[in-house]
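The values are calculated or read from the model by the stated rules, or taken from the named source; none is laboratory data. Predicted model only: the values in this text are computed from it and were never measured. Using ideal geometry, Cβ is built from the backbone for each residue, glycine included, and neighbour counts are taken over all protein chains shown. The protein model used for the area step is the full one, side chains on, heavy atoms only, and it has no ligands, DNA or RNA in it. Shrake-Rupley method; radii C 1.70, N 1.55, O 1.52, S 1.80 Å.
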Amino acid sequence: MSKQITVIGTGPGGYVAAIRAAQLGADVTVIERGDVGGTCLNRGCIPSKVMKATADILEKFGRAREYGIALEETPRADMKAIMARKQSVIGHQAKGIHQLLRKHKIRYLEGQATIEKPNLVIVKSEEGNDLDVPYDGLILAPGSRPLDIPSFPFDGKSILSSDDALSLEKIPESMVIVGGGVIGCEFSFIFSSLGANVTLIEAMSRILPLPTVDEACSRVLEREMKKRRINFIVSRSVNTVEYEGKSLRVTLGPSPFLKTPEEKEKPPLILETDKVLVCVGRRPNTEGIGLEKIGLELDNKGWIIADTGMRTNVSDVYAIGDVLGPEKGMLAHTASAEGHIAAENALGKHETLDYEVVPSTIFTTPEVACVGLTTSQALTKGHEARSDSVLFRNIGKAQVMGDIAGQAKIVSDTQSGKILGVHMIGAHATDLIAEATLALQRGCTVAQLADTIHAHPTLSEVMQEAAFKALDRPLHG
Ligand code: FAD
C-alpha cells in the first residue's frame, strides 16, 4: 500500500512538497485553512510584484522624453485597477495550483489542521466538522505572518502590515516605512513610484543590513533612493506613533544598535505622515497545530527546528519554509526546495539542502541579487579571496535600456579560481543571478565562466566581463 503523506499548508513549501510526494507514489493529502498558495501567492511575492510591475512602468513613463516619447498627460496610478489586476493574477495562479493538485490526485482539504496524536491530524472545517486524517509522514508548512510592534500594533487603516499594504484602495500621500530590510525596501520603491512621499527608517547603519547582502549593494541602493527622493533615515528607531486627527505623528529616537555615547544622545526627530507601514519581520504560524502533542521542538523564538534534510526531532515529521525562521532565508524558492527534500526523505531518500547556494533576490529598483559568500565572509572562512566588480554602465544593453545603475561583483578564491559568491545590483539582477547560482552549485571557476559565450547585447555580459576581470584580463575597462 502507498505511504500516506499529509502536508499542512499550501504555500510554495507545502504544495510543492505535496506534488513531489505524489510523483514518488504516495497517497497525499494537503490541508489549507486560508487561500491556496499561502503568503507567496496571496500576500507576498506575487501581489507585491504585480504592484512593482505597475511602479516600473510609471517610473519609465516619468522618463518618457529620454526614450523619445512625448506624453500629453502625466500618467498616474489607479489603485483600483492595480488591485483588480492583482486579483486576476492571483486567481489565475490559484487555479493553476488547484489543477496541479488534481492532476497528481492529491486530496485537498479546507480547514484548520491540528495534530491530535502521533500519526493523526484532525481537520476542522469552517462549519465545525472534524475529519480524521491519519498519516505515515507529516510535512509541516504553515508559514509565517507579519510581526507587529506592541507599542503601535497594526490597525489595518493607518498602521499597516505588509498584508494591508497589498490591499490599499488609495495611494497614500505620505508613508513612513519602519524597517529597511527586504520587504521595507521593496515597498519604498513601489509606493514612491506610485506617487507616495516615502520615508524609510532603519535602526542599523545601512539599508538592507543583511549578512548576505554586500555593503556595496546597500550603498548603490541608498544612492538610487536619493535620486527618487525616497527619504531614508538609518541608525534611528521609531519610538512612538500617535494618532493626530487624520494623520500620524511618528517619533524617532536613537537606535539601540548605536555604539558611541554622542550617538545615543541624538535628539528625537518628529515626522508627520498618513500611514505607517511596519516591516520589521515575521512570526511563525505554530499556534493551534498541536505541536506539543507530539513533543515537536521549537527554538527560543518559536521557529521549528529541522536539520538540512528537513527532519524535526519527531520521527516521520518534517518541517519546511518560513516556519523554520529567518536563519533559513524565508524565501519562496527556499520553501519549495525544502519541500522537494522533505517529500523525498519522507519517502525513504536521504537528501539534504545546501543553504550556501540558495540565491537571495530583492525586487527594488534596481534589483539586488546575491548568492554565496561576500568578500568578508570568504576571508573569515579562511579563503584567499579576491573580488572583481563591473559596472552595469559598461554593458551595451544597459545603455540601450537606459538602466545603467549598479554593478556585478564576483568573489573568487585566488588559488583555485573557484567562484565563492556573486553580488549584483542592477536591472534584472534577480533573473541574472540564476547563472551565478548554477556556477556556484556546480563549483565553477572564473575561467569556466569567462569561457562561456554570452549573447550580445544582453545584460548577462556583465557576468562574463566580471569573470574576465577576475582573470586579470578585462575586455572593456
Ligand atoms: P506560506 O506561504 O506562508 O504558506 C503557509 C500556508 O499554511 C498558509 O496558506 C496558511 O494559511 C496555511 N496554514 C498555516 N497553519 C495552518 C493550519 N494549522 N492548518 C491549515 N493550514 C494552515 N519570497 C520570495 O522568494 N520572493 C519574493 O519576491 C517575495 N516577496 C515577498 C513579499 C512580501 C510582502 C512578503 C510578506 C513575503 C515575500 N516573500 C518572497 C516570502 C515568501 O512569501 C515566503 O517565504 C513564502 O510564502 C513561504 O512559504 P511557506 O510555504 O513556508 O508558507
Margin query: Against the condition under 30 Å from G34 (Cα atoms) and more than 14 Å from the ligand (Cβ to nearest atom), how does K157 come out, does it pass?
Written below: yes
Item checked: Residue pairs meeting the criteria (Cβ under 7 Å; at least 6 apart or on separate chains; first under 13 Å from E461 (Cα atoms) and open to solvent by 20 Å² or more (accessible area, probe 1.4 Å), in segment 398-412; second outside any helix (DSSP H, G or I) and of a type in the set (S, T, N, Q)) -> Q407/S389; K409/S387; K409/S389
Checklist line | Leading residue by the ranking (surrounded by the fewest Cβ atoms within 10 Å (Cβ to Cβ)) among those in segment 1-17 that are under 22 Å from the mean Cα position of the chain (by Cα) and more than 7 Å from the ligand (Cβ to nearest atom) | finding: V16
Next item on the list: Only residues that are open to solvent by 20 Å² or more (accessible area, probe 1.4 Å), small (G, A, S) and part of a loop (DSSP other than H, G, I, E, B): list them for segment 242-261, please.
Entry: G245
Next item on the list: Could you check how many residues of segment 119-148 are within 16 Å of the ligand (Cβ to nearest atom) and either aliphatic (A, V, I, L, M) or on the phi > 0 side of the Ramachandran plot (or both)?
Entry: 13
Check: Looking at (1) open to solvent by less than 10 Å² (accessible area, probe 1.4 Å); (2) more than 30 Å from D214 (Cβ to Cβ); (3) within 15 Å of the ligand (Cβ to nearest atom); (4) part of a loop (DSSP other than H, G, I, E, B), can you tell me which one I115 breaks?
Finding: (4)
Checklist line | Test set (1) out of contact with any helix residue (DSSP H, G or I) (no Cβ under 6 Å at 6 or more places or on another chain); (2) surrounded by fewer than 22 Cβ atoms within 10 Å (Cβ to Cβ); (3) aliphatic (A, V, I, L, M) - L353 fails condition number | finding: (1)
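Table: residues versus (1) more than 16 Å from the ligand (Cβ to nearest atom); (2) assigned to a strand (DSSP E or B); (3) touching a Cys at 6+ places or on another chain (Cβ under 8 Å).
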site	(1), (2), (3)
T364	no, no, yes
V371	no, yes, no
Q377	yes, no, no
G382	yes, no, no
D388	yes, yes, no
V411	yes, yes, no
S416	yes, no, no
I419	yes, yes, yes
Check: When the residues of segment 265-319 are filtered to those that are open to solvent by less than 50 Å² (accessible area, probe 1.4 Å) and hydroxyl-bearing (S, T, Y), which remaining residue is nearest to the chain's Cα centre (by Cα)?
Finding: T286
Next item on the list: Show the residue pairs that are 6+ apart or on different chains and have beta-carbon atoms under 7 Å apart, the first residue being within segment 284-302 and outside any loop (DSSP other than H, G, I, E, B), the second being open to solvent by 20 Å² or more (accessible area, probe 1.4 Å) and near the ligand (Cβ under 9 Å from one of its atoms).
Entry: L298/T286
Next item on the list: Return the pairs, sorted by first residue and then second, in which the second residue is open to solvent by 80 Å² or more (accessible area, probe 1.4 Å), the first residue lies in segment 76-89 and is of a type outside the set (G, A, S), the beta carbons are less than 8 Å apart, and the residues are 6+ apart or on different chains.
Entry: M79/E169; M79/K170; K80/E169; M83/E169
Check: Filtering segment 317-341 down to residues that are assigned to a loop (DSSP other than H, G, I, E, B) and farther than 20 Å from F363 by Cα, which residue is nearest to the ligand (Cβ to nearest atom)?
Finding: I320
Next item on the list: Being over 15 Å from D472 (Cβ atoms) and among the basic types (K, R) is the filter; apply it to segment 384-397 and report the residue that is most open to solvent (accessible area, probe 1.4 Å).
Entry: R393
Next item on the list: For residues that are of a type in the set (A, V, I, L, M, F, W, C) and surrounded by fewer than 16 Cβ atoms within 10 Å (Cβ to Cβ), scanning just segment 62-78, find the one that is nearest to the ligand (Cβ to nearest atom).
Entry: A64
Note to self: Among (1) in contact with a strand residue (DSSP E or B) (Cβ under 8 Å, 6 or more places away or on another chain); (2) without any contact (Cβ under 8 Å) to a residue 40 or more places away in the chain, there is one condition T334 misses while meeting the rest; what is its number?
What the structure shows: (1)
Check: Would you pick out the residues in segment 25-51 that are open to solvent by 60 Å² or more (accessible area, probe 1.4 Å) and either acidic (D, E) or away from the ligand (no atom under 13 Å from the Cβ) (or both)?
Finding: D27, D35
Margin query: So, T54, is that one of a type in the set (S, T, Y), more than 7 Å from the ligand (Cβ to nearest atom) and closer than 28 Å to E126 by Cα or not?
Written below: no
Next item on the list: Check segment 87-102 and report whether any residue there is part of a loop (DSSP other than H, G, I, E, B) and open to solvent by less than 50 Å² (accessible area, probe 1.4 Å).
Entry: no
